[in-house]
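The values are calculated or read from the model by the stated rules, or taken from the named source; none is laboratory data. All figures in this text were calculated on a predicted structure; none of them were measured in a lab. Cβ: placed from backbone, ideal geometry, glycine included. Neighbour counts: every protein chain shown. Accessible surface is based on the protein model in full, side chains and every heavy atom, while ligands, DNA and RNA are left aside. Shrake-Rupley method; radii C 1.70, N 1.55, O 1.52, S 1.80 Å.
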Amino acid sequence: MSNDAKLVRMANQIATFFHSQPAAEGPQGVATHINKFWEPRMRRQLFDIVDHRSGEGLDPMVLAAAPLIKRPAPSGSTDHPPAA
Amino acid sequence: MSLIHEIDYGTPASKSEKMVTLTIDGREVTVPEGTSIMRASMDAGIEIPKLCATDMMDAFGSCRLCLVEIQGRAGMPASCTTPVAPGLVVSTQTPRLKDVRRGVMELYISDHPLDCLTCAANGDCELQDMAGAVGLRDVRYGYEGENHVRARNDGAINIKWQPKDESNPYFTFDSSKCIVCSRCVRACEEVQGTFALTIEGRGFDSRVSAGMHEDFVSSECVSCGACVQACPTATLTEKSVIEIGQPEHSAVTTCAYCGVGCSFKAEMRGEELVRMVPWKDGQANRGHSCVKGRFAYGYSTHRDRILNPMIREKISDPWREVSWEEAFAHVASEFRRIQYQYGRDSIGGITSSRCTNEETYLVQKIVRAGFGNNNVDTCARVCHSPTGYGLGQTFGTSAGTQNFDSVEETDVVIVIGANPTDGHPVFASRLKKRLRQGAKLIVIDPRRIDLVKGPHVEASYHLPLRPGTNVAVVTALAHVIVSEGLFDETFIRERCDWSEFEDWASFVSEERHSPEAVEGLTGVPAELIRGAARLFATGGNGSIYYGLGVTEHSQGSTTVMAIANLAMATGNIGRPGVGVNPLRGQNNVQGSCDMGSFPHELPGYRHISDDATRETFEKLWGVSLSNEPGLRIPNMLDAAVEGSFKGIYIQGEDILQSDPDTKHVSAGLAAMECVVVQDLFLNETANYAHVFLPGSTFLEKDGTFTNAERRINRVRRVMTPRNGLADWEVTQKLAQAMGLAWNYRHPSEIMDEIAATTPSFALVSYDYLEKMGSVQWPCNEKHPQGSPIMHVDGFVRGKGKFIRTEYVATDEKTGPRFPLLLTTGRILSQYNVGAQTRRTDNVVWHEEDRLEIHPHDAENRGIRDGDWVRLASRSGETTLHALITDRVSPGVVYTTFHHPDTQANVITTDFSDWATNCPEYKVTAVQVSPSNGPSDWQVEYDEQARRSRRIAGKLEAAE
Ligand code: SF4
Ligand code: SF4
Ligand code: SF4
Ligand code: FES
């Protein structure tokens, strides 16, 4: 399975959980979860799908959550090891 | 250092709070009511001679050596079976008693060999001691008559004599030395709960027998060692003692196998380990053990252990041994090169649940402070990460709520997705003891595990659910409890958010969650669910114990929440005998989570985005920390395949064997440029490594492990690391090579840093542990004695949170091509990936992984017991031998994953828990068919593994 497909599945799994929760929690719940546990690369990849592939395959709740998900810094911003 | 001698009080302690005062040999003694006179005397420092009594078991009263005289009472009662009473006046030594005791001893000795000088128990024999204590000076009866001692009587065969039984790999049974005190039989019954031994025959003819006249290894015996420890003579003796001799010093340490965390005395002669003896003051095990901790330590000196660092350019090259300096310099320059080339986030690390808290802390520290990112994870990812998430959400803390002692006060136990007799044997023994006293048991498991029906233990309910339907079953239990009004309203109103409860209650009350509605889905008859729910809600103290069968699912986190809901709804939180108890797999899986091994949190479960927490560490470490969560293990592998993750430092984990979807793991590893493996052996992951750093065993280092009950136990070094460095020293030197100014002189200094930065550990120090023995976190100003039970006066998060738990079918579905469901587990004698236990004599109990299949499914496929079968899933296929059994339901097959040749994880898929990415090990759709032998993949893998283990200048390393 491609990385993209996997990522979409993971995001949708989270949305599936929040679909069963009280409505008020929905998108915020998804966004909080992703902000807490997804590394920037994964969020970047997610935004790539949202921004450039019109959210192909993503659960509508993930799309609704997107504006609440923290946009990661562009790749390359921490390209060097820390000064020791 | 000297040998630790534990006092044997002769009979167990009484739990009564009422005190009784009596006089023994002119001394006034006050003890709890129900105490035996023997124990009361010992309390006062008076040791009454005894042979058949020992404080691990109830008194039996058979040897008649412990007699006393009591003023105003006739005769000479046995002090072990006579309880104290107010005002008794007891004499333990009178001319009459002396005579009787000598007579008793004389009879014993007249049927006992007199080869004390060459006996293995010499110096550690209670018979010898008692002969001395009673002043036995001569024995008037010889061996002329009947005896059990000599093979021949005057040339004729002595039918009463039996040869030694040496079948068990770890201990011998020499019947000629047996005094038939039955301590072994009672230990097996009362302490272990296996009932493998009996006394057969009567009077002079009676003798101890394993099973039905079997030898030990063919009997029911599980080799826990309780009988060996209980035996007062050399009859049952460790083979290591026979071989080496008596130990001369010892240190208390902690088993490095499972999450029970048993305390042992490591008994030594010089730097040689003579034996491991469970420690009675160990609060997790209370003097008991299982075969792994007690006997399976031989791996530490196994010839396969790698003792020198090694490096290689390519994984197809043979290994080249190098100095430590060269290895550290090489790793440091490779990691820095990769970071310059691919970015700071292109490397990461994995902490070990087998290593100490201190070592784990250092690995996450090197990642965060040295690599400058948060790409650190631990094998708990693949086992209990949903526990952390689920209990964190509902209760506010990521850990079990009870201590193990709590089981002594429980009335109804739910065991779900766990197989304690194999996975957590000492806990299982303690549970069985409680069940024999009358507590009720509910087992929720696809397989008929041993607890469902065993000697003197039987589950009231076994719900044999289809793998993958935990949420549906637990929610149905809640449905019954709510709809029948069996919930504990007072508790809920007081401790939980009432409106959240109402929301949840209306959710679970929906008809679609009723046992009848889900019956078709779960395969569990509705009546069983109803009965179990009623029993749990109304049977008194209810406790829930669960294992990987709960967490390793795509809905693992949801099931943990469902379990927490159930406990809250029935008011079963916050006191002894109740609670939610994850049975942790590896010895320090709790500790490795506590120590900040997850990519999103710092030690003490504090999220990396929390500025105040980061600041604490930034100040102390003198670096700035990234506030972004790092990659989890499966994400690291995905990123590696995709090309943005290139280097990894893995301490004490074998992800290639233990993680699901082996092909994906190997593809990820193969795509990296610098894989550093630190371990005892060339494990499977090392096949893909460029650098190998030899590790040390728990016997070779100081530190702490934290067990499943949050207990911080000391690990004490009893021998020099054979590889030269303890694991914490290896990480420290690597950090230094990367330019970090670390300078810990002893693990205690690391613990001091943990205590200084982590509120739940604030009072923990080696000095404090020395004083307390062990403590359970949180241990701080608020809880100076530690916390045996959590959420006593309210939940850590404030109000307990009820969360709706909707069942979602896994994407892994059966169909025509893959009609069966595979689920996985472990067995008693082997441990996890088996790297250690396979290198001990434990292999006599489990030479290979086998596929359990129901007779019906086997017959349909023309499979006979023992046949080679091919096991295939959407991910891959492997072969193994079939074991036909009705322990599994039709439609379900089961295997263990202890042997690398089996490659069970070639079969498992990359589906995972929605919240934590914990892989879905426990459900895979498979097909089973007859086969002729190993699959191509197995042959290929074997060949690749063999080649990658070559070391330049050495004969091929044997696996
Ligand atoms: S080793 Fe354990 S299981 Fe085996 S006979 Fe002894 S007490 Fe029973
Ligand atoms: S084997 Fe040991 S413990 Fe068992 S009856 Fe004989 S002497 Fe007693
Ligand atoms: S493996 Fe577990 S139960 Fe067995 S001795 Fe070790 S800690 Fe105790
Ligand atoms: S010790 Fe009391 S009868 Fe044996």
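Quick look at the numbers
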item	result
Where B:GLU812, B:GLU243 fall by accessible area, highest first, once all protein chains stay in place (1.4 Å)	B:GLU243, B:GLU812
Shape call, the stretch B:752-878: gyration tensor on alpha carbons, a/c limit 1.5	oblate
Between the stretch B:741-792 and the stretch B:248-297, the Cα center-to-center distance that results, in Å	22
Cα shape, the stretch A:3-68, gyration tensor, a/c 1.5 rule	prolate
Chain B, relative contact order in percent, only Cα pairs under 8 angstrom and at least six apart counted	13
Entries in B:LYS280/B:LYS771; B:LYS50/B:LYS292; B:LYS265/B:LYS701; B:LYS314/B:LYS646; B:LYS433/B:LYS453; B:LYS239/B:LYS265 that, when Cα-Cα distance is taken, lie over 20 Å	B:LYS50/B:LYS292
Beta bridges by DSSP in chain B, antiparallel share as percent, to the nearest 5	60
Two-site label geometry, B:HIS856 and B:THR538: point separation in nm, points 7 Å out along Cα→Cβ	3.3
Relative contact order [Cα under 8 Å, 6+ residues apart], the stretch B:699-851, whole percent	14
Prolate/oblate/rounded label for the stretch B:869-950 (Cα gyration tensor, a/c 1.5)	oblate
Label-point separation, B:ARG102 to B:SER333 (7 Å along Cα→Cβ), nm	8.2
Reach of B:LYS922 by Cα under 21 Å, taken over lysines that are not fewer than 8 positions away in the same chain	A:LYS6, B:LYS663, B:LYS813
Cut-off 20 Å (backbone N to label point 7 Å along Cα→Cβ of B:SER644), residues of the stretch A:57-73	A:57-58, A:63, A:66-73
Charge sum, other residues only, whose C-beta stays under 11 Å from B:ARG337's C-beta, Lys/Arg counted +1 and Asp/Glu -1	0
Amide H partners (placed H, <5 Å) of B:LEU441, local residues excluded	B:VAL413, B:SER460, B:TYR461
FRET efficiency, 1/(1 + (r/R0)^6) with R0 60 Å, evaluated for B:HIS746 and B:ALA667 via beta carbons	0.90
Cα-projected label distance for A:HIS52 with B:VAL939, points at 7 Å along beta-carbon direction, nm	4.5
Area buried, chain B against chain A - accessible surface, total, 1.4 angstrom probe, square angstrom	3200
Theoretical gain in end-to-end length, B:ARG73 to B:ASP611 [0.36 nm per residue, Cα-Cα removed]	186.2 nm
Whole-number percent relative contact order across the stretch A:3-68, with pairs defined as alpha carbons under 8 Å at least 6 apart	45
Chymotrypsin sites (Phe, Trp or Tyr not before Pro) within the stretch B:48-141, DSSP loop, no more than 15 other Cβ atoms inside 10 Å	B:TYR141
Estimated FRET transfer efficiency when R0 is 22 angstrom, pair B:THR885-B:PHE195 (beta carbons, to 0.05)	0.55
Within the accessible area of the protein assembly as shown (1.4 Å probe), percent carbon and sulfur	50
Chain B - mean residue ellipticity at 222 nm from DSSP helices (-39,500 (n - 2.57) per run, n ≥ 4, rounded to 500)	-8000 deg cm²/dmol
Around B:ALA44: net Lys/Arg minus Asp/Glu count, Cβ-Cβ under 13 Å	-2
The stretch B:1-39-the stretch B:458-503 distance, computed between alpha-carbon centres (Å)	44
